[in-house]
Amino acid sequence: MTIEFPAQPCPACDQEMTVTHEDLHYEECGLPYVVLKNIYTERCECGQIFRTIPKMAELHRLLALQLVKKSGPLENFEITYLRKSLGWSKADLARKLHVQRTQPSKWEREENPTKMNPQNDLLLRALVAVNNRITSYVDNMENLNVKATRPHVHRTLEASIDEKGWHTEELEAA
Ligand SMILES: [Zn+2]
């Protein structure tokens, strides 16, 4: 879907800005492998850049669903993403999973994160699935491979939007 707006003058310098549609490596969402396709972008010669990401709530929900279904154990930043998608603090997560209060920080830290065990991994996914009313999740739990490792550095998740909304496509590096 191509969204067209009239180009606005730059708020910083009042020059006319150039409109492009660019792919955006969307690290701000907390997942390092998400690329948004053809995002409406306004650029000014002075260096200002404005991007318009449509339907953000739908996009973030779709990314959470993608993590619920993903093969391989949840990685530290994916645990953070899912916890935040539930609107929970680390203390909330510890209470819900009946783990020690310090445990979520150990799972989520950047340096040497502790691996979540498969039971907690599945439970966190289930909580997100319930929250999003993903009714097929429980039926498919037995088929989820939460032990295989597939490092995220080899993955790209492309998200693009059309009339029907956001879609994702997972790409594997050769
Ligand atoms: Zn400017």
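Residue by residue, here is whether (1) within 16 Å of the ligand (Cβ to nearest atom); (2) of a type in the set (Phe, Trp, Tyr); (3) surrounded by 15 or more Cβ atoms within 10 Å (Cβ to Cβ) holds:
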site	(1), (2), (3)
20	yes, no, no
47	yes, no, no
52	no, no, no
77	no, yes, yes
90	no, no, yes
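Checking the structure you have, find out if any residue of region 5-12 is away from the ligand (no atom under 11 Å from the Cβ) and either modelled with pLDDT of 95 or more or under 30 Å from residue 108 (Cβ atoms) (or both). If you could, list the steps in order and put the result at the bottom.
Residues of region 5-12 that are away from the ligand (no atom under 11 Å from the Cβ), as a first pass: 5-7.
Okay, now just the ones that are also either modelled with pLDDT of 95 or more or under 30 Å from residue 108 (Cβ atoms) (or both), so none.
No, region 5-12 contains no residue that is away from the ligand (no atom under 11 Å from the Cβ) and either modelled with pLDDT of 95 or more or under 30 Å from residue 108 (Cβ atoms) (or both).
Output yes when any residue across region 152-172 is of a type in the set (A, V, I, L, M, F, W, C) and part of a loop (DSSP other than H, G, I, E, B), and no when none is. Talk me through it step by step, then tell me what you get.
Filtering region 152-172 down to residues of a type in the set (A, V, I, L, M, F, W, C) leaves 153, 157, 159, 161, 166, 171.
Filter once more, keeping what is part of a loop (DSSP other than H, G, I, E, B): none.
The answer is no, given that none of the residues of region 152-172 is of a type in the set (A, V, I, L, M, F, W, C) and part of a loop (DSSP other than H, G, I, E, B).
Go through (1) free of Cβ contacts under 8 Å to residues at least 40 places away in the same chain; (2) over 18 Å from residue 71 (Cα atoms); (3) within 20 Å of the chain's Cα centre (by Cα) one by one and return the number of the condition residue 95 breaks.
Result: residue 95 fails condition (3) only.
Against the conditions (1) under 18 Å from residue 168 (Cβ atoms); (2) polar (S, T, N, Q); (3) within 16 Å of the ligand (Cβ to nearest atom), where does residue 85 fall short? Just the number, please.
(3)
Determine, yes or no, whether residue 31 is under 15 Å from residue 165 (Cα atoms) and of a type in the set (A, V, I, L, M, F, W, C).
So residue 31 fails the test.
The values are calculated or read from the model by the stated rules, or taken from the named source; none is laboratory data. Computed from a prediction, not measured in an experiment: that's the story for all the values here. Neighbour counts run over all protein chains shown; Cβ positions are idealised from the backbone, glycine included.
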